[in-house]
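Okay, structure first, notes after.
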Amino acid sequence: METTAAHRRTLARRATWLATLSLASALVGAGAASAEPVPSPLGATVTKTDTAPTGYEVTFRVESDSAHVYLLGDTYFTQPDMLGGAETFFSHEGRTGDEWREGDISHPLFTNVPAELTEVSEGLFEITMALPAGAFSYGFAHTDEPCTMGFSCAATPDPTNPPVFADATGASSQALSQVFVPSHPSFPTYDADAQGHPVDGTLEHVLFTDAGEISPAGDNQLGVYLPPGYDPERAEPYQLLVLSHGAYDNETSWFSQGRAANIVEHAIDTGAIEDTVVVTTNFYNFDSGSTEEGTTLYAAYAEALRTVVLPMVEDAYHVSTERADRAFGGLSMGGGISTHLLQHDADLFGYFGIWSGAQLGLGDISADELANLDSALGIHVGAGEQDYLAGIGEGSAQRALAYRQLGLRVDEHSMDGGHTFQVWRTMLHDYLENVAFADVPAHEPATLLTDISPVIDDARHTEFFTEISWLAEQGITRGWETDGGREFRPLGTITRDAMAAFLYRLAGSPEWEAPAASPFIDVTPSTTEFYAEITWLADQQITLGWETAAGQEYRPLAPITRDAIAAFLYRFAAPAGYEAPAESAFVDVAPGSTEFYTEIAWLAESGISTGWVEGDAAEFRPRSATTRDAMAAFLFRLTGLAG
């Protein structure tokens, strides 16, 4: 990198820069791929075919002394509903691009068998397949025995197309190379032009040390992107974007698998953002020794940013110190870091991207943490809807919901996909286009409830803040409109007529013509507010009511007891073939002594009810009235079970 003498002096003030590698606009050998075949017999060759299913094909060629060579990476596809969870080791259809279909998502192989390359001549292996538009990470597994599962075979990068920073001294390694496939006008697949945008800026890999502030000293890494024409002497400092990787990745990941330089420069060239310096960190440099729940790492990372990394970057590069000119983004565990910074160190950045965040749920917060959250200029939350790793897909939606309920400036972007860079590249692109460095207006949720809060020392505090917020946003509860705003009244008991309305709305408010003649003598069209909902409940056999001498009663204004709500939810979910255990999960519920033992046992086994835990014992309290906050938790967990 060319620098003035003054600039070189600032580089040395804060840290010792041990190594700097500059890369030109050819980001990797697979930058913006040409439609013409690469004139090399080795590597990844992109060819325009003008034929279905994608209009392009890629030939992968590699030399090997092994008996078998397999293609690994995210060049495999599945319909979203065919992607399994952690219990199936994320198994899926595992189709190659030759069988690409509309609606497919890209996902690496775990239990599936990868595609094997054919030995076309001695020591030369190749495979050709169609691929849709976008960037794809790939590597080769060289084995002497057949590879029967993708995750059991180690990948090595393409030697003719090494990953970004592969030759940089002290850089962390990547196991995969990248290839970009353009979009074809006659065969639309994915909108991924930003991922292949040419890079005219500069990439640098930097090693630094700072007198024991970060351990191990002298072995700490940063990746840096400087926009085209970067001028350390210009009057206006540059905007700064800091990106964090996830578990098992490093400072090179965002620039290799993440295509961050391509995506950022696309945003600059289209005018979505101004010229921006990008810094990628390696959070393993900042680990204080314990990563239980990630919280220790998060705090150590925040401290390192505040005391070492950001001051050092300010000295080395001409970047702004204003919050409005600074944005942070992180994926997976890096998303957990982003939530921590937002909640505890929001003065460091104005904008926060939280993608597939590993830290789930908002939880109880303090007034200071709420003030941090409220100070953010923009929040971007997103994940793949089929991200089943630790419930991240669902947890991301919950986090966005909780932020909205607090009235924060939040933009949610969800998409079909798993826990992969196919999702995170899209998240970064959307963040830069719509949130980062922008004047984001305050979000005004229509269902903001005024009598609940996650703040511990707030009189309105409730442990079920997220669950109640979800209930309101889904339109399942409408609460009470008061002069002070809409109220939920979480500690009030829920009546049986309101429970009927909740379940009817939870079912999607199905089309239903209420009968003129009521099945209950105490429920009539003219006197019962939720007549249609109660009669639907009866029609679905969710409620049976009470048989009396005068006729069947529903008792709409009576509080619903916890055992009755267990029965309602059991019938609503209709679990097939469930057999209750001989031993109860609750000390106050036993077989033969409780009318709804089976239903309560199912509620416990499904995780819908945890009861009250006293020491080693748990109580369900079946005859107690159900409070509205507990009901919200029950329905929230039921929906998670169903989804």
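The values are calculated or read from the model by the stated rules, or taken from the named source; none is laboratory data. Computed from a prediction, not measured in an experiment: that's the story for all the values here. Note that we place each Cβ from the backbone using ideal geometry, even for glycine, and neighbour counts take in every protein chain shown. Surface areas here come from the heavy atoms of the whole protein model, side chains and all, with no ligands, DNA or RNA. Shrake-Rupley method; radii C 1.70, N 1.55, O 1.52, S 1.80 Å.
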Boolean, V313 is touching a residue at least 24 places away in the same chain (Cβ under 8 Å), open to solvent by less than 10 Å² (accessible area, probe 1.4 Å) and closer than 20 Å to G223 by Cα: yes
Answer residue from segment 612-629, given it is crowded, with 20+ Cβ neighbours inside 10 Å and not aromatic (F, W, Y) and is farthest from I494 (Cα to Cα) among those: P622
Test: residue in segment 165-180 that is open to solvent by less than 40 Å² (accessible area, probe 1.4 Å) and more than 29 Å from the chain's Cα centre (by Cα): yes
All positions within segment 95-104 that are in contact with a strand residue (DSSP E or B) (Cβ under 7 Å, 6 or more places away or on another chain), open to solvent by 10 Å² or more (accessible area, probe 1.4 Å) and not aromatic (F, W, Y): R95, T96, D98
Matching residues, segment 485-533, being open to solvent by less than 20 Å² (accessible area, probe 1.4 Å) and not in a loop (DSSP other than H, G, I, E, B): G485, R496, D497, A498, M499, A500, A501, F502, L503, Y531
Boolean, G196 is touching a Phe, Trp or Tyr at 6+ places or on another chain (Cβ under 7 Å), surrounded by 15 or more Cβ atoms within 10 Å (Cβ to Cβ), small (G, A, S) and modelled with pLDDT under 95: no
In segment 555-595, the residues that are open to solvent by 30 Å² or more (accessible area, probe 1.4 Å) and among the aliphatic types (A, V, I, L, M): L557, A558, A573, A574, A576, A580, A582, A585, V587, A590
Test: residue in segment 84-93 that is out of contact with any strand residue (DSSP E or B) (no Cβ under 7 Å at 6 or more places or on another chain) and open to solvent by less than 30 Å² (accessible area, probe 1.4 Å): yes
Residue count for segment 219-237, restricted to those that are open to solvent by 10 Å² or more (accessible area, probe 1.4 Å) and in contact with a helix residue (DSSP H, G or I) (Cβ under 9 Å, 6 or more places away or on another chain): 6
Count of segment 407-420 residues which are in contact with an Asp or Glu (Cβ under 7 Å, 6 or more places away or on another chain), buried (at least 20 other Cβ atoms within 10 Å of the Cβ) and of a type outside the set (G, A, S): 4
Scan of segment 89-129 for residues that are over 26 Å from the mean Cα position of the chain (by Cα) and of a type in the set (F, W, Y), ordered by number: F125
Condition check for G357: crowded, with 24+ Cβ neighbours inside 10 Å, touching a residue at least 40 places away in the same chain (Cβ under 8 Å), under 22 Å from the mean Cα position of the chain (by Cα) and assigned to a helix (DSSP H, G or I): no
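Here's the yes/no breakdown for (1) within 42 Å of the chain's Cα centre (by Cα); (2) modelled with pLDDT of 95 or more; (3) within 14 Å of T626 (Cβ to Cβ):
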residue	(1), (2), (3)
R489	yes, no, yes
Y504	yes, yes, no
Y531	yes, yes, no
L537	yes, yes, no
G551	no, no, no
A573	yes, no, no
A580	yes, no, no
Pairs, first farther than 16 Å from E467 by Cβ in segment 484-497, second open to solvent by less than 50 Å² (accessible area, probe 1.4 Å) and basic (K, R), C-beta under 9 Å, six or more apart: T493/R628
Selection count, segment 35-69, where residues are more than 18 Å from R101 (Cα to Cα), at pLDDT 95 or above and acidic (D, E): 2
Looking only at segment 588-632, and only at residues there that are within 13 Å of I565 (Cα to Cα) and of a type in the set (D, E), the one that is nearest to the chain's Cα centre (by Cα): E599
Residue pairs meeting the criteria (Cβ under 7 Å; at least 6 apart or on separate chains; first over 25 Å from Y190 (Cα atoms) and at pLDDT 85 or above, in segment 397-416; second among the basic types (K, R) and assigned to a helix (DSSP H, G or I)): V410/R404
Segment 376-406, residues that are open to solvent by 40 Å² or more (accessible area, probe 1.4 Å) and among the small types (G, A, S): A390, A397
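Taking the condition at pLDDT 90 or above, open to solvent by 10 Å² or more (accessible area, probe 1.4 Å), under 30 Å from H197 (Cα atoms) and out of contact with any helix residue (DSSP H, G or I) (no Cβ under 8 Å at 6 or more places or on another chain), does D430 pass? Spell out how you get there, then give the answer.
Numbers: at pLDDT 90 or above: yes; open to solvent by 10 Å² or more (accessible area, probe 1.4 Å): yes; under 30 Å from H197 (Cα atoms): yes; out of contact with any helix residue (DSSP H, G or I) (no Cβ under 8 Å at 6 or more places or on another chain): yes.
Criteria met by D430.
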Of all residues making up segment 575-617, the number that are without any contact (Cβ under 8 Å) to a residue 24 or more places away in the chain, over 15 Å from R637 (Cα atoms) and either among the acidic types (D, E) or in a loop (DSSP other than H, G, I, E, B) (or both): 14
Among (1) modelled with pLDDT under 95; (2) farther than 10 Å from S244 by Cβ - the single one G336 does not satisfy: (2)
Any hit, segment 330-338, residues being touching a residue at least 24 places away in the same chain (Cβ under 8 Å) and assigned to a strand (DSSP E or B): yes
